[in-house]
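K.L.:
Structure below; questions to follow.
The values are calculated or read from the model by the stated rules, or taken from the named source; none is laboratory data. Every value quoted in this text rests on a predicted model; they were computed, and no experiment measured them. Methodologically, a virtual Cβ is constructed for each residue, glycine included, from the backbone with ideal geometry; neighbour enumeration extends over all protein chains shown. Quick note on the areas: whole protein, heavy atoms, side chains included, nothing else; ligands and nucleic acids left out. Shrake-Rupley method; radii C 1.70, N 1.55, O 1.52, S 1.80 Å.
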Amino acid sequence: MYNEQPEMDKFPPNIKSMLGLSQTQKGQITRVWDLSLLYLQGKQNVRYDKNIQQFLALRSQPGRNKLVINLILNIFKAVVSRLTVNYPNVSILPASGSEEDILKARASEEALKYFFHKENVKETFEQAFLWLVSTGNVALHQVYNAEKKCVEIKVVSPYDLFFESGADSVEQSSFVSIRQTVRKDDLCKAYPQHEEAIRAVATTSKDSDPSTISTTSVGTYSTQDPYSYPRAEIQETYWKDGKYAVTVGNTYLFKGRNPTGEILPVQHIRYTEIPMNLWGMGLIEPIIDLQNQYNKIRNQITQNIELMSNPKWLVPKTAGVNASSIRGTPGEIIYYNAGGGAPTQVTGTGLPGYVLDALSRSQGEMMDVSGIHSTTLGKRAVGITSGKAIEALAKQDVSQLTLTQENIEKAARKMFNVTLLLMKQYYTEEKFIRMFDDKGRFIFNKISNTDIVDVPEIFIEAGSLFRDESQDRDAKVLELLQLGLIDKEAALKELTFKTGNKYIMDTMRDRNHALDILNGVKEGAQVEIFASDNLQAFSEIFGDFMKTNDYYELDEDTRDYIRDVYVSITTYQPPQGGSPAEIRAAMKVFPKAPPIQQPMVNAAEMVTMGDRGLEQYMNENISAAQTAKQYKEVLPGANRLKKGPQEQDVDVINRRSP
């Protein structure tokens, strides 16, 4: 769902040629990806035919084995499992230290946390890691689905990812394009005005996607099986200047603006970054030659075992034994001419010791290059018996992935930023209410009023994206209980009902309520505060505001009113018994209710109140308020008591003014 601008100019007139150059440039690296995927599947006896541009299976020689011991597979699974993600410790830096901006940042964090779990982002990352580890490249694409009315994240394989031809890095490329294969009928329904061009484009078959690899009867590791329904390739292209287009062939199906502006909703992740190289290097590419060497040695050992198990025979010609007489079956009887000599077996020479050493060395080199060792694969390391030493080796293997994890976390930060932009633009208030119940309206207001593009910055705690999530939530609750930050009842509720961040959400709602009350006071409204409100949140909000320059710039009456509210909150004492009427009166924090039948006592306390506070109090208790007002009019000392702090405030303002 994007903003269409049909008359936009400066779109490339021949976009098909532009994307074709991009695909031609990555032709060589594509063959490396093909070979890596073949080796991962165990199809390792292959060669590349330049004429037909396909990988072909090597023909087996008579008497020769083609044994394949796929060591790559276990290494691949170990690395992928190490990259399993959990929801990270995401923090959004507010635009300023004001309570309003802090609440906006906190609301954005809660929206991201809901999005992470609701859209199953963890599973999306796991799918992406399969491409990342095998080919060294993958991309994440964020898009708003108008039908489902939600933001989605799609995994883009490196085969379907295109950058500007000649670019050495993602930053140098002026655009990023994503290829998709879509049914022609669906395309015609979405763009009926271009049906003729869609029908005319060549129908796509599975051979157009090099990642689709299988074995056929002729030994070719590629397939050209057609789809059951005609399909066509479309390209979604994002330019860094904000343009966006959907094309099929050389026809523009759609021209418009990127909803996230100049921020691209596509994050390219590389397993190992190589300087001056657009594409990253995967886990499998550097160990292909070592895997070939290992297979070669294993085949030689197997052939030697077969030769030693089936030795050759020396049969004298005069023995009367023909070639078919010796079959090698158990208990076989061989008749021969004793005068001509008995047949004998030739004992072969055993394998030298360096052959097995070479085999172990090849396997060890594969693990060294991949950064994975026996302990990580669940095996005992040779010559190592100490548990601490084994644990240290496993930690070293994990540290080998630090750069890769940093690349993933960098992409996750950009992904969360784009997600907030799309939420702000497309999510409605009803959507947030369905997401967060009664707190959804508050979060919607904060996100919709936040300038996400310019000010808030998203940070991810290092390593938190790859945290072990087993019992992580319970451990955090127990830690808060030990620190005394929550009581036993709250901890039991969290552990029993798995309420997650309910405490945080309630605190956010209370602070936002206090902020709304403060804003109302600044606009001239009269407010009431009860003991059931979160008085700590009110005290912090009002107290922090009274320390800012904005407080001293208000008019005197408003400052007095804010002061009166703050004093009432900080000096409030819960009722300690009494009649129901007294308890009911004491539940109001501001304006204070006077003691029953003692208006004169409370009137003396009201002398220092501002005019707005007295006016509101007069509606609550006429006698005490009038008495206090009379005191203020006839007692100069009371006025001096009230004016003294005000004069100090004016002096402070004058000192701060230039």
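K.L.:
Does at least one position in segment 354-375 carry a residue that is over 43 Å from the mean Cα position of the chain (by Cα), surrounded by fewer than 12 Cβ atoms within 10 Å (Cβ to Cβ) and not polar (S, T, N, Q)?
P.N.:
Checking segment 354-375: at least one residue is over 43 Å from the mean Cα position of the chain (by Cα), surrounded by fewer than 12 Cβ atoms within 10 Å (Cβ to Cβ) and not polar (S, T, N, Q).
K.L.:
Given the conditions (1) open to solvent by less than 40 Å² (accessible area, probe 1.4 Å); (2) out of contact with any Leu (no Cβ under 9 Å at 6 or more places or on another chain); (3) modelled with pLDDT under 90, report the number of the one that residue 212 does not fulfil.
P.N.:
With respect to (1) open to solvent by less than 40 Å² (accessible area, probe 1.4 Å); (2) out of contact with any Leu (no Cβ under 9 Å at 6 or more places or on another chain); (3) modelled with pLDDT under 90, residue 212 is out only on (1).
K.L.:
Looking only at residues that are more than 28 Å from the chain's Cα centre (by Cα) and not polar (S, T, N, Q) in segment 234-251, which one is surrounded by the most Cβ atoms within 10 Å (Cβ to Cβ)?
P.N.:
Ranking the qualifying residues of segment 234-251, first place goes to 248.
K.L.:
Still on this structure: Between a first residue in segment 547-573 that is under 23 Å from residue 535 (Cβ atoms) and a second residue that is open to solvent by 50 Å² or more (accessible area, probe 1.4 Å) and not in a helix (DSSP H, G or I), which pairs have beta carbons less than 6 Å apart while being 6 or more apart in sequence or on different chains?
P.N.:
568/592
K.L.:
Which pairs do you get when a residue that is within 18 Å of residue 163 (Cβ to Cβ) and of a type in the set (Phe, Trp, Tyr), found in segment 228-244, comes within reach of a residue that is in a strand (DSSP E or B) and open to solvent by 60 Å² or more (accessible area, probe 1.4 Å), reach meaning Cβ atoms under 7 angstrom, with the pair 6+ apart or on two chains?
P.N.:
244/257
K.L.:
Hey, another quick one. Do you know which residues across segment 85-125 are within 30 Å of residue 370 (Cα to Cα), out of contact with any strand residue (DSSP E or B) (no Cβ under 7 Å at 6 or more places or on another chain) and either modelled with pLDDT of 75 or more or buried (at least 20 other Cβ atoms within 10 Å of the Cβ) (or both)?
P.N.:
Across segment 85-125, the qualifying residues are 85, 120, 122, 123, 125.
K.L.:
Looking at segment 284-315, which of its residues are over 60 Å from the mean Cα position of the chain (by Cα) and either β-branched (Val, Ile, Thr) or open to solvent by less than 40 Å² (accessible area, probe 1.4 Å) (or both)?
P.N.:
311, 315
K.L.:
When you go through (1) outside any loop (DSSP other than H, G, I, E, B); (2) under 30 Å from residue 42 (Cβ atoms); (3) open to solvent by 20 Å² or more (accessible area, probe 1.4 Å) one by one for residue 254, which number turns out not to apply?
P.N.:
Single failed check for residue 254: (2).
K.L.:
With (1) modelled with pLDDT of 75 or more; (2) assigned to a loop (DSSP other than H, G, I, E, B) as the list, and residue 578 as the residue in question, which single condition is left unmet?
P.N.:
Just one mismatch for residue 578, condition (1).
K.L.:
Which residue pairs have Cβ atoms closer than 7 Å, lie 6 or more positions apart in sequence or on different chains, and pair a first residue in segment 55-70 that is at pLDDT below 75 with a second residue that is open to solvent by less than 40 Å² (accessible area, probe 1.4 Å)?
P.N.:
Going by the 7 Å Cβ cut-off, the qualifying pairs are 65/299; 65/302.
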